[in-house]
Amino acid sequence: MSARIGRRLAILEPIVVFGLILAYIWSLRYHHPAAWAPILVLPLASHWWRREGAAALGFRMHNLAECLRRFAPALGSSR
């Protein structure tokens, strides 16, 4: 696969997933309530296929304590 095709697929993937999520929210959930499962599997399979780990996706533990200290009060408020 050429780099050009790879870039186009990388751009197309989030657009397609976003479109599927919107389709589920606005129409699929009424007629096909279990359609969320394949929609969830598509991005997970894509990350697995490209061997992207949690760190590559932005899930890191190195600053968790700092984030909790800064944002826990806002997340815990009930307003």
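At 1.4 Å probe radius, can you tell me the per residue accessible area of the chain in Å²?
Result: 91 Å² per residue.
When the gyration tensor of the chain is built from Cα positions, what are the square roots of 5 times its three eigenvalues, in whole Å, from largest to smallest?
Over the Cα atoms of the chain, the ellipsoid semi-axes are 29, 23, 11 Å.
Give a quick list of chymotrypsin sites (Phe, Trp or Tyr not before Pro) in segment 25-61 that DSSP marks as loop, anything other than H, G, I, E or B, with at most 11 other Cβ atoms within 10 Å.
Counting only loop positions with at most 11 other Cβ atoms within 10 Å, the chymotrypsin sites (Phe, Trp or Tyr not before Pro) in segment 25-61 are F59.
For I25 and S46, FRET efficiency with R0 = 22 Å and r from the beta-carbon atoms, rounded to 0.05?
The pair S46/I25 has a calculated efficiency of 0.60.
Can you send over the solvent-accessible area of L22, 1.4 Å probe, protein chains only, in Å² to the nearest 10?
70
On the accessible surface of the chain, probed at 1.4 Å, how many percent belong to carbon and sulfur atoms?
Its accessible area is 69 percent carbon and sulfur atoms.
The values are calculated or read from the model by the stated rules, or taken from the named source; none is laboratory data. This is a predicted model, so every value here is computed, not measured. No Cβ is skipped: glycine too gets one built from the backbone with ideal geometry, and neighbour counts run over all protein chains shown. For accessibility, only protein heavy atoms count, side chains too; no ligands or nucleic acids. Shrake-Rupley method; radii C 1.70, N 1.55, O 1.52, S 1.80 Å.
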